Amino acid sequence: MSFLGSSGDPSDSYSDRCSKWIPCLSDPPKRSALCMQLMLVVLHLVFLGFLFIFDSEFMEKLKTLSWSTICYLLLFVATIVQYLYTSGSSPGYVLDAMREFARAEASLRASETSNKDNLLQAKNDSVVVTFDGNQRGENILGNNRMNWTKMVMDLYPSGTAVRTCTCTFCNVVQPPRTKHCHDCEKCVLQFDHHCVWLGTCVGQGNHCRFWWYIFEEFALCIWTGIWYINYLNDHVKDSWVKDIFVIIMLAILAISLIFLFLLLVFHTYLIMTNQTTYELVRRRRIHYMRNYSKKDETSV
């Protein structure tokens with residue numbers, strides 16, 4: 001008699017248990033994103049661990065509670081927390097916006113129905129009663145109650161066909177600046193790009209958090225590079241194996257620093273000009289942006 005199940009393979013039973021304990025392991029995109037996040041956190045810990053193990057000056061400053069060392073550790077923790085917070089945040093999916101729209105519309109209708117019932121009761125009792133209504137629903141729906149399609153199409157130039165604004169994958173009408181992400185398999189509001197390092201898209205919901213993460217990572221790379229350069233200057237006559245290791249780590253930091261600087265400048269420009277990476281690169285493929293020149297777009 002086999003106690004391993006119908007397949008008889010222990011690895012299948014183990015993978016099923018892991019998928020049950022950690023649901024994201026059963027989804028290949030989420031599994032790869034989790035591995036990427038763990039690798040990036042481990043890489044940060046490797047750079048910090050070298051200072052703890054080999055840099056005696058760093059440990060002395062840490063023991064004496066030097067403000068520079070404490071600020072560096074606080075920046076290190078803040079960068080890791082910001083990275084995890086950004087990677088776990090929603091970029092702003094269209095389906096979530098549609099649910100909010102439906103809830104607001106239902107709440108407004110329920111409020112209007114309640115108001116009518118109360119007015120009828122007030123007339124019967126000869127009492128005048130006034131109601132404020134659902135302000136949140138009015139803010140979302142405007143003065144005219146409309147369904148999602150009507151509301152979205154009013155945002156496009158007149159004459160735009162519904163078919164050109166409908167996602168063939170999600171089967172939803174996309175608001176302007178929305179794009180379907182094939183990695184997330186969802187439509188993202190104000191889509192910028194799909195970030196492999198975060199394992200999620202960058203969009204309307206997390207673009208600001210993404211910018212702050214880049215800024216903190218850039219500052220952390222500069223500070224870490226300074227610590228490594230000081231260590232190399234103070235221990236240049238020590239074991240050459242450590243020197244080679246430090247030089248390799250400095251080369252990785254230099255490449256990362258250049259990449260982060262260019263990324264920070266680029267996304268700062270995008271935020272200041274109210275653009276996204278997708279709109280800047282694929283401007284001529286976006287049907288509602290073909291009539292706008294770059295000068296008109298940056299002047300808005």
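The values are calculated or read from the model by the stated rules, or taken from the named source; none is laboratory data. On a predicted model such as this, the values are computed, not experimentally measured, just so you know. Cβ placement follows ideal geometry from the backbone for every residue including glycine, while neighbour counts extend to all protein chains displayed. Just so you know, the surface numbers come from the protein's heavy atoms only, side chains and all, with ligands and any DNA or RNA stripped out. Shrake-Rupley method; radii C 1.70, N 1.55, O 1.52, S 1.80 Å.
Give me the residue from segment 267-300 that is open to solvent by 90 Å² or more (accessible area, probe 1.4 Å) and modelled with pLDDT of 75 or more and, out of that set, farthest from S158 (Cα to Cα). That would be Y269.
Does segment 227-240 contain any residue that is in a strand (DSSP E or B), modelled with pLDDT under 95 and basic (K, R)? First the steps, then the outcome.
Narrowing segment 227-240 to residues in a strand (DSSP E or B): none.
No, segment 227-240 contains no residue that is in a strand (DSSP E or B), modelled with pLDDT under 95 and basic (K, R).
For segment 169-182, does any single residue satisfy the condition of being farther than 15 Å from A97 by Cβ, in contact (Cβ under 8 Å) with a residue 12 or more places away in the chain and charged (D, E, K, R)? For segment 169-182, residues farther than 15 Å from A97 by Cβ, in contact (Cβ under 8 Å) with a residue 12 or more places away in the chain and charged (D, E, K, R): absent. Count of segment 178-199 residues, restricted to those that are in contact with a Leu (Cβ under 7 Å, 6 or more places away or on another chain) and more than 17 Å from S87 (Cβ to Cβ), is 1.
Here are T168, T164, T149, T160: which of them is modelled with pLDDT of 50 or more, open to solvent by 40 Å² or more (accessible area, probe 1.4 Å), assigned to a loop (DSSP other than H, G, I, E, B) and closer than 27 Å to E185 by Cα?
T168
Within segment 82-113, which residues are among the acidic types (D, E) and under 15 Å from C184 (Cα atoms)? Of everything in segment 82-113, just one residue is among the acidic types (D, E) and under 15 Å from C184 (Cα atoms), namely D96.
When the residues of segment 181-226 are filtered to those that are in contact with a Phe, Trp or Tyr (Cβ under 8 Å, 6 or more places away or on another chain) and part of a strand (DSSP E or B), the one that is surrounded by the fewest Cβ atoms within 10 Å (Cβ to Cβ) is H193.
Here is a yes/no grid of residues against (1) modelled with pLDDT of 70 or more; (2) closer than 30 Å to W223 by Cα; (3) assigned to a helix (DSSP H, G or I):
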| site | (1), (2), (3) |
| --- | --- |
| M1 | no, no, no |
| R17 | no, no, yes |
| L25 | no, no, yes |
| L38 | yes, yes, yes |
| H44 | yes, yes, yes |
| F47 | yes, yes, yes |
| S68 | yes, yes, yes |
| A78 | yes, yes, yes |
